[in-house]
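Peer 1: This is the structure I want to talk about, given as structure tokens.
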Amino acid sequence: MTSAQTTVSLSIDGNEMQVLEGTTIHKACESAGINTPTLCWAENLTPVNVCRVCVVEVEGSRTLVPSCARPAEEGMVVYTDSERVRHSRRMVLEFLGSGVDLDQATPLHEWIVRYDADIARYDQPDLPAAIIDEPTKIQDDLYIRDYNRCVLCYKCVEACGDDAQHTFAIAVAGRGFDARISTEYDVELPQSACVYCGNCISVCPTGAIQFKTEFDLRRAGEWRPDQQEITRTVCSYCGVGCNLEIHTQDGRIVKATSPADHSVASGHLCVKGRFGWRYVQPSI
Amino acid sequence: MTDLHFTSDRADSTEIEAVAAAIGNETVVVVETERLIRGGKERRNQSRHLLLPALHALQRAKGWITPGGLNHVADVLQVPPAEAYGVATFYEMFRTVDPGHSESVTHVCVDAACQIAGSDMLSDELTAAGSAVHRSPCLGQCERGPARFVQGVGTADEVPADAELFVFHQQGDPSLRLLKRIGVVDPGSLDSYRANGGYVALDRAIEMGAAAVLDAVADSGLSGRGGAAFPTGVKWRAMAAEEGRPKHVVANCDESEPGTFKDRVVMENDPFSIVESMTVAGFATGAENGWIYVRGEYPLAAARLEVAIGQARVAGLLGPDVAGSGHTFDIEIRRGAGAYICGEETALFASIEGFRGEPRSKPPFPTTHGLFGQPTAINNPETLLNVLDIVALGADEYRSRGTEQSPGTKLLCLSGRVANPGIYEVEFGTSLGQVLEMAGGLTGSGELRAVLLGGAAGSFVGADSLGLPLTLEDTRSAGTTLGSGVVMAFTTDVDMTPVLIRIAEFFRNESCGQCVPCRVGTLRQHETLVQVGRTGSITADRRQLVDDMARAMADASICGLGHTAASAVSSALALGLIGGAK
Amino acid sequence: MFGAGGGTVSYDEIEETDFIVLWGSNAREAHPIFFHHLMKGLDNGARMFVVDPRRTSSAKFADVWLGLDVGTDIALANAIGREIIHADLHNREFIAHSTEGFEAYAAAVEPYTLDMAAEVTGVPAIAIRELAHAYAGAGTAQILWTLGITEHHNGVDNVFALCNLSLLTGHIGRWGSGLVPLRGQNNVQGGGDMGALPNKLPGFADVADSTDRARFEAVYGMDLNPVPGRHLTLMFESMEEGTMRGAYIIGENPADSEADVERIRGLLSGLDILVVQDIFLTRTAEMADVVLPASVAWVESEGTVTSSERRVQRVRAAVAPPGEARDDIEILGELARRLGVDWGYPTTEDLWDELRSLSTAHAGMSWERLESEGGLQWPCPTDDHPGSPFLHGWLWDDDLGGRGPAPFTVVEHAGPAEELTDEYPLRLTTGRALDSFNTGVQSGAIDSPIRYGDAIEVSPSDALRLGLVDDERVRVISARGSVDMNVRIQPDIPEGLTFTTFHFPDLVDTNVLTNDTWDRQSGTAEFKAASIRIDKLVRAGAGDD
């Protein structure tokens, strides 16, 4: 199934290296020990390269290139920490933070500090910067949607769509800053095609779409990720054998996820695997 | 090919009939008997491109796309309703909220040329007279602003100005190449087209053979006229070398750059030239399929192209054996629905394919992964028009005009404060001052303050640039661009602040929203200019912010819209057109 | 040998196969994550035919859906086989080298012409022909099935009919091609592999085989009963005969899940002693003399489960069992001790190592490897064996290595045990919904916003004929009993067919209706085919109560 693999040589920040053909710049950076921020990229999704926080400078390219999607090419000269790169990453982080609440986008926090992003500088006297300001959508007992946290990374759309679930309950609607992840005509989720697999939630990097259980615990001030344990086991329902990561806090299950790097489920689950643990502890 | 879920809303018979009239009666899911039903991914993929025409039909039928109508189309084409809704909400011409009336809607252009020609006043007058008015981005009628476009409900769309006499200021000029037939030829007659030199190039191309046509185009030095100026010969050769099938030639007639209307004039007045030049492109590159993507606000252009294609088919100039060459080529027209971004080539592909008009990352490039992921040559109609002369006259003769690096002639769209706004064909190298003179010089009370070159995505040059030779190389070294050929003049009596605020608003509205630098950057740029408008000046830290944003948009956006969204604003600030002295 | 119980392919293979036949399986709802792999295959260009009486949500992904009559699978499969042979599309070389019994098979399917099969199944002949040609002509192809094939009185014959097609075409034993029975429960594969079958010892060893038995006796240090036990259905027959007077039921809820469930409840309540070991007080447990509260196997205790692709994976305790609930192993050990045998206090790993010493298929799966490699697919005989993505590759070897060729099995169409009559003119078939699982004891806790409850689904034409409307309460009656339920008019099922789930037995006792006629070879009851009628209820009073 694997053919003879050729390698390409490239230089990243002055270091020569070889990677297998087809390897993305992002992966090449990773193997060179260079940490690159990403938001819209995930192991189990097709790169959409929309967040632009992973951009790098490639010699000969007029604009910066998204490292998550661009394969390394022979002779490529890449800079991951040039002034141009730092500037664009900083601006992308500022843009994101100026419009939505990144409180729960924990992986971004260190990058905001590192690139010295000044999120507050977009407010003007008598003219505060426009933000997304919508009431949290709570339409059932399993999910909540908080668009004030949505960075439009498309991950949920991909997971709901042809990268995994093929249900297509949600898509991007509208344009520009008014674009939203939406069902048709914004109908409530239970009226939509949604089958509550939770795969959108598992890929959301900012908490914009969340398990209701987590939302309730957070609201009660009882969500303590640093005290949670994760146990790998296998789903108790059908015979497919999806691996589960059971998150427990104080000896209680608080959510179920699935490891993205396992061949059976690739990080995805169905409604039974995602929520079917509740019989183990009927009330959370 | 999926277990779609629909809300209980149903289409009514008007909508069902309108959709059938637009896309036919075939459905993706075919119930052969109660026990045998066909469907599947392949059938679904093959019909997805009918989504945009179907949405047009729904919009036309009811004045908005109703949930029931959307469900019907989604069911017929097996497109998930959420995706169909995402597509419908992408376009300016589609409404997904009940407007509460079924009147035609008058779109009034609010972009620069029309703005300074009084579009606000027109819009107020129409509203007062009881019309439903929609503030629209540039309608491509900058020579006759303030422009209107009437979107019909149950009736055809129309442009009121189309009823007026067409004026072409260069008519009869023997030096014209690209525009020689404008105003002369009958746009509805193949015979008239032939009588005016039509189809000489195709005959010549067939005689020369595809390889020789490719050589001639490469030797001519022709470059893309949509704004990016990529060498056409390189693009065509790369696509011709692709083995994949089918291959496509696409005419990018989604002319939406504010200030640009040249393609409309050509399509409306010399439609056969587009058909012929596309056929030559198809022959040269080995493509079977031609697509014309014409912006939705150009109903006359679409109608005349449709007629031309029909006549060409009848005459055997399109179809399975083009002009006896043995080559197959035919053309399908797609109407856009109001989205500037769809002029970006990969966004245009997505739009034809029935998806949101969101640009794709390049590489891969269209020559290998274009329309439907297949090899595609996509060209601006002006570029295609040049090919007719290159083939008919030969590359050497073609190069006898223009400069070494910018051979040939260029179509310019003169608008703003000039006496005779309109389309002009000039030799590359003509100076900006000469061009303004051709258009009858300035009009109004003031002196020349600035000229917007290349449209909203271009940049302003000051009154000291009248000597600038209009070539690719000279504009580039002057830090500006010819872009799509916009030359929009502003005199000192024009208040530039609202013009710049509107340009910023244009990008904010037209950003597809896909990538962060453009989605948020265009918003913040607009907010900053609104504040400049309020205070009349710009502080040092705001100025820094504008520059910071401009760099990030230019560097990190996915496509040309974001790359150029700050260009006009930056140049205006540099020239001191807004925000106080430079 | 050919016929060892297990899917012959890995999930990954369906992503690269050319042709998929999904037969009697609604994997979209019953095996949703397997269906992700399948959809990748479709995205990669595979074509799919779905054979199912209902146009299920899985069928909606198909290029072609063939809506056969319930219980006519063998007629359809045999006609496909005949058509492949007549069109000379069978793999002569493979048949000659790797199979036996072809001549008898070819002769047996000869009467199954396309027209005859169309008549019997209701599927147009052209579609049967198309399926035959597409399957035989595909580079790689898989046939997948679930309970739509097995929950019939002749379920095993149904399986043979499908296996014959793979032998006919050679779509077996190569990457991308194979036969895939999708398992309905997370360890139904592992349970069988570990010997939880009446005729098997762990690792596919045979109870009746003295050589096999001797290996186990040596390790267990005791003699084993050489007589195969009785499977579930036979046990109930024994209860009926009075020869079985007690039952010890672990993690099963037959008082809700069995066909003709009223009969089962009567038999269970007539036992001298009923012991139930479960994590819930199920209806069965409520009937028990002794209830042994158990821990939840996958999240309160350690162990392994085996999936449909023969992948052995670890389950781990994440939380402590509540109250007096204990691990199954501990309960069994204590019980043995009270019965006078001391098994000590083995760890899960100790028991696993004992299994490895007895089952060559599992011998290479050390506890460490199971931990570090994300599971291993049997057979995995040695420590350096990578596990087996697919089975029966040996069929393609020049030398079959001493194994006998794979046999064709002649099977004949029989039809459902219960025929349609004037009294019971509608066919009832049962199945599962996405957000529920079997009798709902586990899935009932999900606050699913998309749950409809059990309703009797009828075709629009039957609804029209019977004057039924959506949500109308009706009485559904079979020869065994009746239940009241709501009507849902379902355009995706053909005239004459009705369908329901059985996830909410407390609300709708669906299995009162189902037919307990069972397959003598597998013990599985014919849940998929009962004859019913629907009576309108005279509405008492006005409005909803």
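Peer 1: Would you confirm, using the coordinates I've provided, whether residue A:202 is touching a helix residue (DSSP H, G or I) at 6+ places or on another chain (Cβ under 9 Å) and touching a residue at least 40 places away in the same chain (Cβ under 8 Å)?
Peer 2: It is true that residue A:202 is touching a helix residue (DSSP H, G or I) at 6+ places or on another chain (Cβ under 9 Å) and touching a residue at least 40 places away in the same chain (Cβ under 8 Å).
Peer 1: While we're looking at this one, here's another question. Within region C:23-57, track down each residue that is in contact (Cβ under 8 Å) with a residue 24 or more places away in the chain and within 8 Å of chain B (Cβ to nearest Cβ).
Peer 2: C:28, C:47, C:48, C:55, C:57
Peer 1: Here's something else I'd like to know. Restrict the check to region B:47-69 and report whether at least one residue is over 30 Å from residue C:124 (Cα atoms), at the interface with another protein chain (Cβ under 9 Å from one of its Cβ atoms) and within 30 Å of the chain's Cα centre (by Cα).
Peer 2: Step one: filter region B:47-69 for residues over 30 Å from residue C:124 (Cα atoms), giving B:49-69.
Keeping just the survivors that are at the interface with another protein chain (Cβ under 9 Å from one of its Cβ atoms) gives B:67.
In the following step, the residues that additionally are within 30 Å of the chain's Cα centre (by Cα) were identified as B:67.
Yes, region B:47-69 contains a residue that is over 30 Å from residue C:124 (Cα atoms), at the interface with another protein chain (Cβ under 9 Å from one of its Cβ atoms) and within 30 Å of the chain's Cα centre (by Cα).
Peer 1: Another one. Kindly evaluate residue B:496 against the criterion of being at the interface with chain A (Cβ under 7 Å from one of its Cβ atoms), touching a residue at least 12 places away in the same chain (Cβ under 8 Å) and more than 19 Å from the chain's Cα centre (by Cα). Full working, then the answer.
Peer 2: Values: at the interface with chain A (Cβ under 7 Å from one of its Cβ atoms): no; touching a residue at least 12 places away in the same chain (Cβ under 8 Å): yes; more than 19 Å from the chain's Cα centre (by Cα): yes.
No.
Peer 1: Report those helices (runs of 4 or more DSSP H) wholly inside region C:21-132 carrying at least 1 residues which are of a type in the set (Lys, Arg) and farther than 30 Å from residue C:402 by Cα.
Peer 2: Details: elements: C:27-30, C:32-43, C:73-86, C:92-98, C:102-109, C:114-121.
Ranges flagged: C:27-30, C:32-43, C:73-86.
Peer 1: Scan region A:25-60 residue by residue and report those that are within 12 Å of chain B (Cβ to nearest Cβ), in contact with a Ser or Thr (Cβ under 8 Å, 6 or more places away or on another chain) and not aliphatic (A, V, I, L, M).
Peer 2: Result: A:47, A:49, A:51, A:52, A:54, A:57.
Peer 1: Among C:18, C:63, which is the only one that is acidic (Asp, Glu), buried (at least 21 other Cβ atoms within 10 Å of the Cβ) and within 14 Å of chain B (Cβ to nearest Cβ)?
Peer 2: Residue meeting the stated conditions: C:63.
Peer 1: So residue B:330 fits all but one of (1) touching a Pro at 6+ places or on another chain (Cβ under 8 Å); (2) charged (D, E, K, R); (3) surrounded by fewer than 24 Cβ atoms within 10 Å (Cβ to Cβ); what number is the exception?
Peer 2: Every listed condition holds for residue B:330 apart from (1).
Peer 1: Just a yes or no: is a residue in region A:170-190 touching a Ser or Thr at 6+ places or on another chain (Cβ under 6 Å), under 30 Å from residue B:543 (Cβ atoms) and buried (at least 17 other Cβ atoms within 10 Å of the Cβ)?
Peer 2: yes
Here's the yes/no breakdown for (1) touching a strand residue (DSSP E or B) at 6+ places or on another chain (Cβ under 6 Å); (2) at pLDDT below 90:
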| site | (1), (2) |
| --- | --- |
| C:380 | no, no |
| C:398 | no, no |
| C:404 | no, yes |
| C:424 | yes, no |
| C:429 | yes, no |
| C:441 | no, yes |
| C:462 | no, no |
| C:467 | no, no |
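Peer 1: Another question about this same structure. Name the residue, out of A:110, A:158, A:134, that is surrounded by fewer than 16 Cβ atoms within 10 Å (Cβ to Cβ) and in contact (Cβ under 8 Å) with a residue 12 or more places away in the chain.
Peer 2: Criteria check complete, one pass: A:134.
Peer 1: If you check B:365, B:349, which single one turns out to be surrounded by 21 or more Cβ atoms within 10 Å (Cβ to Cβ) and closer than 21 Å to residue B:49 by Cα?
Peer 2: Step by step, each of B:365, B:349 is checked, and only B:349 is surrounded by 21 or more Cβ atoms within 10 Å (Cβ to Cβ) and closer than 21 Å to residue B:49 by Cα.
Peer 1: Consider residue C:119 carefully, then state whether it is away from chain B (no Cβ under 14 Å) and either touching a strand residue (DSSP E or B) at 6+ places or on another chain (Cβ under 7 Å) or modelled with pLDDT of 95 or more (or both).
Peer 2: No, not satisfied.
Peer 1: Going by what's in this entry, would residue B:445 be described as outside the structural domain of residue B:570 (by TED's automatic domain parsing), more than 27 Å from residue B:560 (Cα to Cα) and either at pLDDT below 95 or surrounded by 20 or more Cβ atoms within 10 Å (Cβ to Cβ) (or both)?
Peer 2: Taking the combined requirement at face value, the residue satisfies it.
Peer 1: Of everything in region B:259-286 that's in a loop (DSSP other than H, G, I, E, B) and touching a helix residue (DSSP H, G or I) at 6+ places or on another chain (Cβ under 7 Å), which residue is nearest to residue B:183 (Cα to Cα)?
Peer 2: The extreme case among them is B:261.
Peer 1: I'd like the full set of residues that are among the β-branched types (Val, Ile, Thr), in a loop (DSSP other than H, G, I, E, B) and more than 22 Å from residue C:267 (Cα to Cα), limited to region C:492-521.
Peer 2: Scanning region C:492-521 gives C:493, C:501.
Peer 1: Does residue B:462 qualify as being under 15 Å from residue B:229 (Cβ atoms) and buried (at least 16 other Cβ atoms within 10 Å of the Cβ)?
Peer 2: Numbers: under 15 Å from residue B:229 (Cβ atoms): no; buried (at least 16 other Cβ atoms within 10 Å of the Cβ): yes.
Against the criterion (under 15 Å from residue B:229 (Cβ atoms) and buried (at least 16 other Cβ atoms within 10 Å of the Cβ)), residue B:462 does not qualify.
Peer 1: Another question, if that's okay. Just one of C:110, C:29, C:15 is out of contact with any Phe, Trp or Tyr (no Cβ under 9 Å at 6 or more places or on another chain), charged (D, E, K, R) and under 30 Å from residue C:375 (Cα atoms); which is it?
Peer 2: C:15
Peer 1: So, one more: Does residue A:237 count as in a loop (DSSP other than H, G, I, E, B) and either in contact with a Phe, Trp or Tyr (Cβ under 9 Å, 6 or more places away or on another chain) or on the phi < 0 side of the Ramachandran plot (or both)?
Peer 2: Values: in a loop (DSSP other than H, G, I, E, B): yes; either in contact with a Phe, Trp or Tyr (Cβ under 9 Å, 6 or more places away or on another chain) or on the phi < 0 side of the Ramachandran plot (or both): yes.
Answer is yes for this residue.
Peer 1: For region A:242-268, which positions are in a loop (DSSP other than H, G, I, E, B) and more than 7 Å from chain C (Cβ to nearest Cβ)?
Peer 2: Passing the criteria: A:250, A:258, A:259, A:260, A:261, A:266, A:267.
Peer 1: Pick from region C:441-457 the residues that are more than 14 Å from every other protein chain (Cβ to nearest Cβ) and not in a loop (DSSP other than H, G, I, E, B): which of them is farthest from residue C:506 (Cα to Cα)?
Peer 2: Out of the qualifying residues, it is C:457.
Peer 1: May I pose another question? Which pairs have Cβ atoms under 6 Å, sit 6 or more apart or on different chains, and link a residue in region B:232-258 that is assigned to a helix (DSSP H, G or I) to one that is of a type in the set (Phe, Trp, Tyr)?
Peer 2: So the pair list comes out empty.
Peer 1: For residue C:374, indicate whether it is buried (at least 16 other Cβ atoms within 10 Å of the Cβ), more than 30 Å from residue C:94 (Cα to Cα) and in contact with a helix residue (DSSP H, G or I) (Cβ under 9 Å, 6 or more places away or on another chain). Explain how you work it out, then say what you get.
Peer 2: On the way: buried (at least 16 other Cβ atoms within 10 Å of the Cβ): yes; more than 30 Å from residue C:94 (Cα to Cα): yes; in contact with a helix residue (DSSP H, G or I) (Cβ under 9 Å, 6 or more places away or on another chain): no.
So residue C:374 fails the test.
Peer 1: Right, next: What single numbered condition from (1) outside any helix (DSSP H, G or I); (2) within 13 Å of another protein chain (Cβ to nearest Cβ) fails to hold for residue B:84?
Peer 2: In the conditions (1) outside any helix (DSSP H, G or I); (2) within 13 Å of another protein chain (Cβ to nearest Cβ), residue B:84 misses (1) alone.
Peer 1: Ok, one more. Restricting attention to region C:391-402, which residues are of a type outside the set (A, V, I, L, M) and either surrounded by 19 or more Cβ atoms within 10 Å (Cβ to Cβ) or closer than 21 Å to residue C:162 by Cβ (or both)?
Peer 2: Result: C:392, C:393, C:394, C:396.
Peer 1: Residues that are at the interface with another protein chain (Cβ under 7 Å from one of its Cβ atoms) and closer than 27 Å to residue C:451 by Cβ, at least 3 per element: which strands (runs of 3 or more DSSP E) completely within region A:70-189 meet that?
Peer 2: Values: elements: A:76-79, A:143-145, A:171-173, A:180-182.
Fully inside region A:70-189 and qualifying: nothing.
Peer 1: If I ask for residues that are aliphatic (A, V, I, L, M) and either over 30 Å from residue C:530 (Cβ atoms) or in a strand (DSSP E or B) (or both), which ones from region C:378-426 would you list?
Peer 2: Answer for region C:378-426, where residues must be aliphatic (A, V, I, L, M) and either over 30 Å from residue C:530 (Cβ atoms) or in a strand (DSSP E or B) (or both): C:391, C:395, C:400, C:406, C:426.
The values are calculated or read from the model by the stated rules, or taken from the named source; none is laboratory data. This one's a predicted model, so the numbers in the text were calculated from it and none came from an experiment. Heads up, the Cβs are rebuilt from the backbone with ideal geometry, glycines too, and the neighbour counts pull from every protein chain shown.
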